[in-house]
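Undergrad: Structure provided below as structure tokens; questions to follow.
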Amino acid sequence: MMNRFLQSSRLRFAIYNPSKVRSITTLSFNDLKDPKVFSKSEIKNIQSYWVDQGNPYAERSSSLLVNCSVSELSKYLSRFSHRSFLVRELYRRELIYNSQENPEICQELIRNITKNSPVKLETCNDILAFIVQDSIRTNDVVMAVRLFLLFHKLNPSKAVDGSIIQVLFSALAVKEPGDDSKSIRVCMNILNDLNNYDIDFKLKTGTVVRLIDKVLNLKDNILGKAFAEKFIESNFFRSLSNDGKLEVLYCMIENGYNNKNDSQVVINWFRAKKYCDQFSSLKVDIIHMLLKLANKENGYSYIGNDIIENLEPRYYCNSRLLLPEIIKFVTRTADLKKIQTLLNIIEQNISASNYNTVWLSKDNLCALLKMYLDFGDSQGVDNTLKHISDTYGRIEAINHEVLISHLLEEGGLSKVKKAISLLFSLEGNSFLICAPKLLSYLLQSDQLAHEAVVPNRHLLVNEIVEKAEIYDREYRTNFWDHLVELYFLKLLESGDSGNGDIRKSLLLAKLIFINSVNSKTSPTYNPFSETSPDMLVVRLKQANMVEVLKRIAQVSFRTGNEDILQWSCAQLFGEGFTTSEVIVGIVSSKIENGISNTPKTYEQFWNMIDNEMQAPRLYEILK
């Protein structure tokens with residue numbers, strides 16, 4: 001016990017021994033000169049002085065402003081502040097250091113600098129407001145944030161002034177030329193340092209939305225996403241009105257949708273539900289994105305169920321954006337009774353004035369064509385094709401895609417041949433849009449046992465790619481992105497089908513991905529023609545890169561290849577995904593379309609992920 005006491009005493013002595021403490025740095029007017037001739041050591045001395053003055057827990061020397069003539073300092077600042085960032089920060093810091101104890105000196109200096117008589121600065125908060133406004137006036141926005149935080153560091157008992165925060169956020173929300181990352185890193189400190197303060201004011205929604213939109217579009221997407229997530233968890237977000245919260249979450253949903261981050265869309269949708277009284281008050285664009293996501297075969301059908309259950313029929317029946325997606329979603333259930341119910345609802349709720357603009361819109365006719373084909377209604381198919389021809393003059397690519405898809409789903413030699421003939425009868429952009437459907441069919445692993453249906457399928461694949469090159473010699477369309485995704489899908493399916501080594505396939509997929517990201521050579525646009533896949537370089541862009549990584553992560557998780565899972569997740573983190581988004585993206589592939597209990601709240605959603613989808617194991621792996 002005594003030894004431990006002696007040891008702890010020696011430790012305390014070592015910490016507080018005055019002989020080992022750095023002396024406090026002082027700064028006098030004689031230390032100031034033309035900033036052009038400051039030496040490195042002189043600049044370092046000024047910075048050391050700032051460190052000492054900015055330490056609220058240590059003894060501080062008298063500040064420069066107290067020890068010198070305000071008149072002399074004012075003349076120095078008038079001469080050099082307009083062309084020196086260092087000098088501007090110097091006097092603004094002096095105002096911070098003295099705002100609490102020497103406000104009269106601060107007021108005198110401000111009057112001398114501004115050469116006019118501003119409104120009387122009665123409190124230290126008034127002085128802080130001047131410092132922030134003055135910094136923004138000279139475009140020193142990052143400095144404004146740093147000094148704001150310094151003020152609250154030195155005066156922790158002072159309440160946060162909402163008007164000053166509003167001014168700062170407004171300045172930070174302005175998009176600057178080049179990279180805004182530096183200002184956002186500093187702004188992140190506002191969220192970190194002030195999150196425990198009571199926020200008794202409401203930020204302007206427009207300002208916050210512009211700021212969130214700006215950070216989500218930074219070149220450094222990891223920083224942007226981190227800031228947005230931090231903001232949503234902060235008191236500043238909680239201070240917004242419900243409409244303001246929804247606007248912020250709309251930004252998150254739109255950003256996730258545009259960047260192929262389905263998980264970001266879903267997570268922020270469940271956040272948003274908390275703040276809307278009824279679905280019809282939501283932005284129609286957001287509902288449209290959610291329905292399109294639900295119509296993808298990726299385990300998000302519970303979102304579609306939720307929307308149909310809660311959205312007023314009169315709202316979606318009269319929307320050109322929503323009605324086609326609703327019809328597609330119900331068609332996917334393959335439930336004739338549900339389709340008949342939906343058609344009755346539409347008939348009762350669609351306005352006569354919207355019949356031509358909504359019911360006969362291109363997208364809706366395409367959805368109806370798919371519906372009639374799937375349910376074998378030949379008269380409905382004929383009528384819909386006639387409407388398309390009469391209204392728009394010709395059948396467009398999207399409708400040909402529906403026809404090809406239907407023929408392939410029916411299967412059999414004659415139907416597949418019709419699909420092939422239909423595809424090769426198309427030209428230009430129509431061919432490029434429809435070709436991925438046939439390629440996907442030809443490359444499905446479960447079709448390999450039916451070689452008699454399409455003999456020499458690999459020759460046909462090459463023929464499709466060669467024709468695509470004729471129509472797109474610059475490789476600018478999405479066809480090539482789909483082709484790369486199909487290649488990785490085929491590679492991983494072949495290893496996972498029982499006919500191959502899945503680990504070998506995963507390692508090869510990882511190698512091709514790394515080669516493609518790092519290679520400076522031109523990519524191979526037809527990866528299926530490559531005889532040495534370990535040397536393969538494919539075209540990876542943001543859109544298909546994320547899809548490929550998610551697929552590798554899903555397969556490696558399902559098959560227990562945890563090293564490759566960790567690698568693929570690290571790549572997704574580098575693309576701006578959060579840990580939660582990665583987990584939702586991985587486990588979503590396991591969710592059945594007919595999930596029994598549609599999650600209604602954010603908490604229920606995470607319970608579904610955690611309990612049913614082994615998310616705790618994923619958290620453990622990704623630590």
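Undergrad: Please work out which option in [x] 96, 62, 59; [y] 108, 68, 55; [z] 115, 80, 53 gives Cα extents along the principal axes in Å calculated from these coordinates, and answer with its label.
TA: Computed from the coordinates, Cα extents along the principal axes in Å corresponds to [x].
Undergrad: Another question about this same structure. Give the residue from H387, C124, V587 lying farthest towards the positive end of the charge dipole for the chain; charges sit on Cβ (+1 for Lys and Arg, -1 for Asp and Glu) and the dipole is referred to the Cα centre.
TA: C124
Undergrad: Also: Can you give the charge dipole size of segment 220-280 about its Cα centre, rounded to the nearest 20 debye, using +1 on the beta carbon of Lys and Arg and -1 on the beta carbon of Asp and Glu?
TA: Details: 8 positive and 8 negative charges, 33 e Å.
For this selection, approximately 160 debye.
Undergrad: Which of the pairs K292/K328; K260/K467; K362/K386; K417/K437; K158/K204; K362/K541 have their Cα atoms more than 18 Å apart in this structure? Walk me through the intermediate numbers first.
TA: Details: K292/K328 9 Å; K260/K467 28 Å; K362/K386 13 Å; K417/K437 14 Å; K158/K204 22 Å; K362/K541 30 Å.
Cα-Cα > 18 Å for K260/K467; K158/K204; K362/K541; rest within.
Undergrad: When the dipole is taken about the Cα centre of the chain, and only Lys, Arg (+1) and Asp, Glu (-1) are charged at their Cβ, what size is it in debye, to the nearest 20?
TA: On the way: 74 positive and 73 negative charges, 387 e Å.
Magnitude of the dipole: close to 1860 debye.
Undergrad: So which lysines can K44 reach, going by Cα to Cα under 28 Å and dropping same-chain residues fewer than 8 places off?
TA: Here the lysines satisfying the reach criterion relative to K44 are K20, K33, K36, K75, K153, K182.
Undergrad: Specify which residue in the list A159, S63, G206 is farthest towards the positive end of the charge dipole of the chain, using unit charges on the beta carbon of Lys, Arg (+1) and Asp, Glu (-1), about the Cα centre.
TA: After comparing all options, I get S63.
Undergrad: Do any trypsin sites (Lys or Arg not before Pro) in segment 84-185 lie in a DSSP loop with no more than 14 other beta carbon atoms within 10 Å, and if so, which? Could the numbers behind the result be given before it?
TA: Numbers: sites: R88, R92, R93, R111, K115, K120, R137, R146, K153, K158, K175, K182, R185; in loops: K115, K120, K158, K175.
Passing both the DSSP loop test and the Cβ count: K115, K120, K175.
Undergrad: Let me ask something else. Using unit Cβ charges (K, R positive; D, E negative) and no other charged atoms, how large, in debye to the nearest 20, is the dipole of segment 28-150 about its Cα centre?
TA: Numbers: 16 positive and 15 negative charges, 114 e Å.
So the dipole magnitude of segment 28-150 works out to roughly 540 debye.
Undergrad: Further question: In sequence order, what are the phi-derived ³J(HN,Hα) couplings for segment 132-144 according to the Karplus relation 6.51 cos²θ - 1.76 cosθ + 1.60 with θ = phi - 60°, rounded to whole Hz, with x for glycine and proline?
TA: Using θ = phi - 60°, the values come out as 5, 5, 5, 5, 5, 4, 9, 6, 9, 5, 4, 4, 4 Hz.
Undergrad: Applying the Karplus parametrisation 6.51 cos²θ - 1.76 cosθ + 1.60 with θ = phi - 60° to the phi angles of segment 517-530, what ³J(HN,Hα) value in whole Hz is obtained for each residue in order, glycine and proline being reported as x?
TA: 6, 9, 6, 9, 7, 5, x, 8, 7, 10, x, 6, 8, 7
Undergrad: Excluding same-chain residues fewer than 8 positions from K219, which aspartates and glutamates have a Cα within less than 13 Å of its Cα?
TA: Qualifying aspartates and glutamates at Cα under 13 Å: E176, D179, D180, E575.
Coordinate-derived values only; no laboratory data. Values in this document were obtained by computation on a predicted structure and should not be read as measured data. Glycine also receives a Cβ, built like all others from the backbone with ideal geometry; neighbour counts cover every protein chain displayed.
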